[in-house]
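The values are calculated or read from the model by the stated rules, or taken from the named source; none is laboratory data. Treat the numbers as computed from the prediction; the structure is a model and nothing was measured. No Cβ is skipped: glycine too gets one built from the backbone with ideal geometry, and neighbour counts run over all protein chains shown.
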Amino acid sequence: MSNLLRRLYHRLPTPPSTNYQVRSSQAEFWALFRSGDVVFDIGSKGQAETAISLIPSGVRLVTVDIDPAAKPDLIADAHDLHVVPDGSVDGVFTSSVLEHVRDPWRVVAECERILKPGGLVFIGMPFMFPFHADPDDFWRVSHRGIDLLCGRFEKIKSGFNRGPASCMTHLNVHFLALLFSFNSKLVYGILVDLFKWLLFPLKYADSWLMRHPQAHVIHAGVYFIGRKRA
């Protein structure tokens with residue numbers, strides 16, 4: 001029975017995302033670069049988090065990951081990028097990575113070290129978001145916490161880019177899947193996809209909720225755009 005369910009599950013179309021980003025924080029970051037600049041994508045993981053279409057023509061993107069299976073340009077641990085010289089890159093991009101590392105402060109310090117003076121950094125992390133091991137999951141920061149974590153940089157802009165509706169849609173998908181899966185991991189996985197189909201329209205409420213003065217009370221993702229001090 002379980003094998004039949006798996007076969008049926010893998011034939012289903014991919015459900016829509018629960019994410020609805022009203023604010024295109026990546027667009028603001030990539031717009032700061034010019035042709036010839038070198039940007040390191042740390043924890044690239046096949047560039048699932050990188051908005052490739054937004055990268056200006058002529059910018060060289062160097063992928064960095066600890067997992068050889070991701071086929072990065074550089075295999076390295078983000079805690080120790082000793083193979084990269086001090087002050088050698090124009091930009092660092094890392095999104096949905098720091099929650100998985102043991103020491104995010106050390107990774108941020110390494111990002112600063114490899115940047116040229118005036119170099120740019122983008123860091124994205126989750127806040128109110130389900131546990132997701134890759135290979136583990138340790139940290140969450142709020143829209144205020146990301147400023148503390150990135151305090152060594154001069155801030156250009158920071159905030160949250162996944163608001164109340166998107167956040168609650170995603171959490172409810174997982175809550176309802178847990179509630180109705182009756183202790184079955186297989187059924188839970190199937191129900192996650194089912195409830196994504198049923199609930200995803202709710203995320204569009206962020207188109208007006210993000211304008212609410214209290215929208216920050218419930219948010220799932222945060223970002224920081226900064227510059228290395230000279």
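General observations
- Subset of the stretch 200-224 that is touching a Cys at 6+ places or on another chain (Cβ under 9 Å) and part of a strand (DSSP E or B) - its residue that is nearest to Ser25 (Cα to Cα): Phe224
- The residues listed here are Ser53, Ser35; of these, the one that is on the phi < 0 side of the Ramachandran plot, surrounded by fewer than 18 Cβ atoms within 10 Å (Cβ to Cβ) and more than 19 Å from the chain's Cα centre (by Cα) is Ser35.
- Of all the numbered requirements in (1) buried (at least 17 other Cβ atoms within 10 Å of the Cβ); (2) not assigned by TED's automatic domain parsing to the domain that holds Phe129, Ile218 misses one, and that requirement is (2).
- Residue match in the stretch 5-13 (condition: surrounded by fewer than 16 Cβ atoms within 10 Å (Cβ to Cβ), over 17 Å from the mean Cα position of the chain (by Cα) and at pLDDT 95 or above): no
- Residues that are under 15 Å from the mean Cα position of the chain (by Cα) and in a loop (DSSP other than H, G, I, E, B), drawn from the stretch 23-32: Arg23, Ser24
For (1) part of a helix (DSSP H, G or I); (2) free of Cβ contacts under 8 Å to residues at least 40 places away in the same chain; (3) of a type in the set (S, T, N, Q); (4) outside the structural domain of Gly119 (by TED's automatic domain parsing), each residue gets a yes or a no:
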position	(1), (2), (3), (4)
Lys155	no, no, no, no
His170	yes, no, no, yes
Leu176	yes, yes, no, yes
Leu179	yes, yes, no, yes
Tyr188	yes, yes, no, yes
Leu198	yes, yes, no, yes
